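Here is the structure we will look at.
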Ligand SMILES: NC(=O)c1ccc[n+]([C@@H]2O[C@H](COP(=O)([O-])OP(=O)(O)OC[C@H]3O[C@@H](n4cnc5c(N)ncnc54)[C@H](O)[C@@H]3O)[C@@H](O)[C@H]2O)c1
């Protein structure tokens, strides 16, 4: 897809990967709507990055439908929707019912609800592009958070489902990074005493992810793994799950 003149929506645009991506889409010539639940941070980010802010809570079906309707009616038909907003909650055995509920709604169901509002219109128009930020945890695991792991797996599965069922008309990409230097990462890292990034693969910057997304959308690539090692890990997992589970347990807990 060509960004020049395209109407692009990015959720979670007040911060981190969403903000960097909204900026990259503006730089690539798109008309960008950035959305977030955090009004003050979104408005400040919009001024800095040159996108139109629309406040929305994507943790509900109605929030997604209203966001899509508002942009479609006031800005124009949406060419690309980047479902990026996410939360990292529920460490270890301490995950509460609220952690599970919010994780499902924001990390997984927001993708389902947004796509449900968009796909019929895209089929009618004959084109559209859906991107979501899942995580390497959606292919592998985030051992310290079950809600994060399960909701990110659901995001990857939804992207695959969308690509198989609507890929004749709708471009689909799913982004699966390991850790990226953002407030979400910082919050998680603080909660686990600085041990969030247990791998040697490094913490990337949000701009690295944004650049990878722009390239993948231009080329129509489905799976985006900004940390090169992730595909190798997934291959290892699929080849031998007994080995992979033992290796994960050893690397995280040393037992
Ligand atoms: N940072 C990482 O290491 C990392 C790694 C892999 C995947 N991800 C994923 O990248 C995405 C972006 O996260 P980030 O790291 O840039 O974090 P971030 O905290 O910088 O940004 C997330 C944004 O989502 C917004 N948000 C949360 N709940 C919302 C809701 N209900 N409605 C609307 N907006 C909401 C927040 O206000 C925030 O601005 C998330 O889906 C995250 O899971 C992050």
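The values are calculated or read from the model by the stated rules, or taken from the named source; none is laboratory data. Because the structure is predicted, anything quoted here is derived from the model rather than measured. All Cβ positions, even for glycine, are placed from backbone atoms using ideal geometry, and neighbour counts span all protein chains on display.
Data table
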item	result
Test result for residue 164, modelled with pLDDT of 95 or more, more than 9 Å from the ligand (Cβ to nearest atom) and out of contact with any strand residue (DSSP E or B) (no Cβ under 8 Å at 6 or more places or on another chain)	yes
Any hit, region 64-86, residues being under 29 Å from residue 137 (Cα atoms) and without any contact (Cβ under 8 Å) to a residue 40 or more places away in the chain	no
Residues being within 12 Å of the ligand (Cβ to nearest atom) and surrounded by fewer than 22 Cβ atoms within 10 Å (Cβ to Cβ) - total across region 114-141	2
Residue count, region 46-105 (criterion: crowded, with 19+ Cβ neighbours inside 10 Å and more than 15 Å from the ligand (Cβ to nearest atom))	3
Verdict on residue 175 being near the ligand (Cβ under 8 Å from one of its atoms), under 17 Å from residue 21 (Cα atoms) and in contact with a helix residue (DSSP H, G or I) (Cβ under 9 Å, 6 or more places away or on another chain)	yes
Test: residue in region 184-199 that is within 17 Å of the chain's Cα centre (by Cα), within 13 Å of the ligand (Cβ to nearest atom), at pLDDT 95 or above and over 15 Å from residue 1 (Cβ atoms)	no
Selected residue (only one of 150, 184, 198 is in contact with a helix residue (DSSP H, G or I) (Cβ under 7 Å, 6 or more places away or on another chain) and part of a helix (DSSP H, G or I))	184
Qualifying residue in region 209-220 (condition: exposed (fewer than 14 other Cβ atoms within 10 Å of the Cβ) and either farther than 23 Å from residue 29 by Cβ or at pLDDT below 95 (or both))	no
Which numbered condition residue 108 misses (of (1) out of contact with any helix residue (DSSP H, G or I) (no Cβ under 8 Å at 6 or more places or on another chain); (2) under 17 Å from residue 184 (Cβ atoms); (3) more than 9 Å from the ligand (Cβ to nearest atom))	(1)
Region 13-34, subset without any contact (Cβ under 8 Å) to a residue 40 or more places away in the chain and touching a strand residue (DSSP E or B) at 6+ places or on another chain (Cβ under 7 Å), residue nearest to the ligand (Cβ to nearest atom)	14
Hey, residue 117 assigned to a helix (DSSP H, G or I), in contact with a helix residue (DSSP H, G or I) (Cβ under 8 Å, 6 or more places away or on another chain) and touching a residue at least 40 places away in the same chain (Cβ under 8 Å) or not	yes
